[in-house]
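Bear in mind these aren't lab numbers, they're just calculated from the coordinates by the rules spelled out. Keep in mind it's a predicted model, so treat the numbers as computed, not measured. Cβ coordinates were reconstructed from backbone atoms using ideal geometry, including for glycine residues, and neighbour counts include every protein chain displayed.
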């Protein structure tokens, strides 16, 4: 029932090529979805489903700039993963989301540290290597927001190399947009 309700809403987002942030294309539908998910969370007993719902809710909240609420969702998701020994992919994805939210809150000491930890975890674990391009991409966006364009570019290039091998055109395009944004700022 939840997925059918959410599927009727426009929960897409667009990447702004100027600041590289993803914003809701339909804020009203995002608000409706957050209300539905918040109501649904009360009823969830399965920890894995709770983590997924918290991650989805946090992502929707971040796209509509409700950053403190998004941060709380990701922190709760991480707490559920850690206290219930769930699969580490849930810890990693919600850590990326939390670091991303710290970035938007301009808490760069926290975002830098968390992105470094995420990248290290991806490099150290064969089960998490699958997420390395995401870690590099979002670490690059983090440094882009700090106006460290050369450093951001190095992360985007690492992400692009992996994404070209994966062959997902949407991810490749997203990374190329980020690379172009860096090159424009470095060149000006």
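Taking the C-alpha atoms only, the angle from helix 108-124 to the longest principal axis of the chain is near 90 degrees. Compared with the direct C-alpha span, the chain from residue 105 to residue 165 gains 18.3 nm at full extension, assuming 0.36 nm per residue.
Between 116, 13, 125, the Gaussian network model of the chain with springs among Cα atoms under 10 angstrom shows the greatest mean-square fluctuation at 125.
Between segment 103-159 and segment 52-73, what is the C-alpha centre distance in whole Å? That distance is 19 Å. Between 0 and 90 degrees, the angle of helix 149-166 with respect to the longest Cα principal axis of the chain falls at about 70 degrees.
If you rank 22, 68 by fewest surrounding Cβ atoms within 10 Å, what's the result?
Details: 22 16, 68 9.
Fewest to most other Cβ atoms nearby, the residues stand as 68, 22.
With respect to the chain, whose longest principal axis is taken over its alpha-carbon atoms, helix 88-104 is tilted by about 70°.
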